[in-house]
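The values are calculated or read from the model by the stated rules, or taken from the named source; none is laboratory data. Note that this is a predicted model, so its numbers are computed, not measured. Glycine also receives a Cβ, built like all others from the backbone with ideal geometry; neighbour counts cover every protein chain displayed. SASA here: full protein model, heavy atoms, side chains in, ligands and nucleic acids out. Shrake-Rupley method; radii C 1.70, N 1.55, O 1.52, S 1.80 Å.
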Amino acid sequence: MSEYGLFLSFNNQEEVFRFPVNPEKINVKDSGDSKSYTVAGLGEINAILYPKLTEISFNSFFPGRMYPFVHLDSNGELKLPIDYVNKIKEWMESRKPVRFVLTGLVPDPLSGTDKGNVVRGMKTFGINMAASIESFDWNTASGSPEDIEFSITLKRYVFYGARKVVPVKGKLSTSVKKISRPDDRKKPTSYTVAKGDSLWSIAQKLLGSGSRHAEIQKLNGIKDHEVRKLAVGRVLKIP
């Protein structure tokens with residue numbers, strides 16, 4: 001017997017919900033991207049390339065009434081089925097990645113040697129990945145119109161940075177900017193001035209470079225004599 005939970009969150013867990021009904025099965029697809037070529041004198045060869053992005057898909061339903069097997073959210077509540085549907089559609093339309101988490105316990109036949117167990121005779125398992133929502137189909141359940149059946153497919157999302165072009169001995173080469181920590185948060189569009197803030201420090205904090213302070217000044221129509229002493233509590237637009 002196993003116990004597990006599925007969660008979907010957005011904007012670094014600013015919004016999150018647990019799927020109230022666990023699916024009977026979860027399909028995880030990992031595949032390579034190998035290609036075959038015919039080479040004179042060798043015949044067919046297989047070139048192994050980078051693996052494709054992991055895909056996860058499952059079917060379940062959003063219940064319109066309480067069943068014994070329903071999992072409530074962290075507030076001990078159950079949302080309306082259409083609320084789950086609208087939230088997933090909203091996240092899809094944002095064109096931002098979500099985070100999919102699957103966590104739980106399964107029987108461990110070697111429980112005596114597994115020090116990582118949190119429950120004797122069981123071991124933990126899980127998936128935690130940023131993902132794009134590739135497809136989401138839903139309809140009212142036959143025989144139970146208050147419920148909404150759905151199927152969803154998620155694909156692993158890889159965070160990436162811009163490429164910087166640098167000259168090397170008369171040639172151009174590219175290097176990929178490394179991102180130390182994936183960040184799926186939405187960029188802020190406004191900022192409230194706090195004590196000790198300056199346009200330079202705000203630009204450094206929110207735009208990554210203090211030299212962009214002039215963009216904030218221009219966007220908010222801040223006069224030159226106001227720059228040295230920003231009013232605490234003033235809400236600034238961020239480009």
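Key figures for this structure:
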{"read-out": "Residue match in segment 156-169 (condition: modelled with pLDDT of 80 or more, hydrophobic (A, V, I, L, M, F, W, C) and more than 30 Å from S31 (Cα to Cα))", "value": "no"}
{"read-out": "Subset of segment 83-114 that is within 18 Å of F10 (Cβ to Cβ) and either surrounded by fewer than 14 Cβ atoms within 10 Å (Cβ to Cβ) or touching a helix residue (DSSP H, G or I) at 6+ places or on another chain (Cβ under 7 Å) (or both) - its residue that is modelled with the lowest pLDDT", "value": "R95"}
{"read-out": "Residue in segment 141-151 that is modelled with pLDDT of 85 or more, more than 30 Å from V85 (Cα to Cα) and out of contact with any Gly (no Cβ under 6 Å at 6 or more places or on another chain) present", "value": "no"}
{"read-out": "Enumeration of residues in segment 189-235 that are open to solvent by 60 Å² or more (accessible area, probe 1.4 Å), assigned to a loop (DSSP other than H, G, I, E, B) and closer than 24 Å to E14 by Cβ", "value": "T189"}
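Here's the yes/no breakdown for (1) within 31 Å of the chain's Cα centre (by Cα); (2) within 30 Å of A131 (Cα to Cα); (3) at pLDDT 85 or above:
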residue	(1), (2), (3)
G196	no, no, no
Q204	yes, yes, no
S209	yes, yes, no
R234	no, no, yes
